[in-house]
Amino acid sequence: MNPMILYDNRFLDGIPMATDTSAGFSALNVVDLKTFTFWQAGETGYEDITVDCGAAKSADTLGIIGHNLGTVQADISVESSDDGDTWTQQLEPFSPTSDIAILKVFPSVAARYWRVVIDPGLDTLPYIAVLVLGSRLEFPVPVDGPFKPIEEGMESGSKRSKAGHLLAHYVKYKPYSISARFSYLDRNWLESVFLPFWLNYASDLHPFFWAWDLENYPEDVRFVRFKAEYTYKPEVTVLSYYDSLDLDLEGVREAVVVGQTPPAPPPPPPVQ
């Protein structure tokens, strides 16, 4: 499968509504694109997050990051409806085996109402930080080789004694970068599909899901953004094709801990 990006989101076409919610963990948190703010269920058992788009809108891909759906042994599915009463399953139930980022594809469908269904197998409250359901941007060609799927480093610190002995060492986070080049891209595709993504979304450094080969590497899903110093400069010499397009992306490795719970919401501001 060719590389893909998911940024289009039906949950931005209306107000996401959850079956129930823990205090301080609003369903609105799933659309702020922050991996440290969460929706969390208010009760154990069946949950769904639903949106009324106001008109029929298409979707073919689900992206989730910052969750405990593997830990709670949840079955996840996607359903759509034209009237908000009768629902049709579009993505069959699947069970994440871990709490890492998820990207799932299904045949494109247009509907006014969409919902993501969460059916936990354990009596534990599920939570989600980022939830994206929309139409994916799929490249018409594979990435040029040789290709490094990731280049990862670490931001760390250490403590030493007065005599210089190493007392402790810690890793604060693990940043990574991804550099990809595409050659001979159809000119119409780049100008009508990729360019609007760049102009209206990516150039403002908003994050998005990235998978370079979802079929063969389904767990290699990243939540990235373009590097701040990136310059959009596709090269063209042949009339109907762009010779090349380079992408320079960055992200941070997920800190996934089995059984983790989301951090408590910040306290309310003091009354003035």
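The values are calculated or read from the model by the stated rules, or taken from the named source; none is laboratory data. A quick note: this is a predicted structure, and the numbers were derived from the prediction, not measured. No Cβ is skipped: glycine too gets one built from the backbone with ideal geometry, and neighbour counts run over all protein chains shown.
If only residues of region 226-254 that are part of a loop (DSSP other than H, G, I, E, B) and of a type in the set (Val, Ile, Thr) are counted, the one that is nearest to PHE208 (Cα to Cα) is THR231. Listed by position, the strands (runs of 3 or more DSSP E) contained in region 124-204 that have at least 3 residues being modelled with pLDDT of 95 or more and surrounded by 11 or more Cβ atoms within 10 Å (Cβ to Cβ) are 127-134, 175-186.
Residues are listed down the side, and each one gets a yes or a no for (1) acidic (Asp, Glu); (2) closer than 30 Å to LYS57 by Cα; (3) in contact (Cβ under 8 Å) with a residue 60 or more places away in the chain:
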position: PRO146; (1), (2), (3): no, no, no
position: PRO149; (1), (2), (3): no, no, yes
position: SER161; (1), (2), (3): no, no, no
position: HIS165; (1), (2), (3): no, no, no
position: TYR170; (1), (2), (3): no, no, no
position: LYS174; (1), (2), (3): no, no, yes
position: ILE178; (1), (2), (3): no, no, yes
position: ARG181; (1), (2), (3): no, no, yes
position: ARG187; (1), (2), (3): no, yes, no
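Here TYR217 fulfils each of the conditions (1) more than 19 Å from the chain's Cα centre (by Cα); (2) not in a strand (DSSP E or B) apart from (1). Of all the criteria given as (1) in contact with a strand residue (DSSP E or B) (Cβ under 6 Å, 6 or more places away or on another chain); (2) more than 19 Å from LEU6 (Cβ to Cβ); (3) in contact (Cβ under 8 Å) with a residue 12 or more places away in the chain, the one not satisfied by THR237 is (3). The number of residues in region 1-32 that are in a strand (DSSP E or B) and closer than 23 Å to PRO120 by Cβ comes to 2. In region 10-57, the residue that is farthest from VAL117 (Cα to Cα) out of those that are hydroxyl-bearing (Ser, Thr, Tyr) and either out of contact with any helix residue (DSSP H, G or I) (no Cβ under 7 Å at 6 or more places or on another chain) or modelled with pLDDT under 95 (or both) is THR35. From the list ILE118, ILE100, the one residue that fits, being at pLDDT 95 or above, surrounded by 15 or more Cβ atoms within 10 Å (Cβ to Cβ) and assigned to a strand (DSSP E or B), is ILE118.
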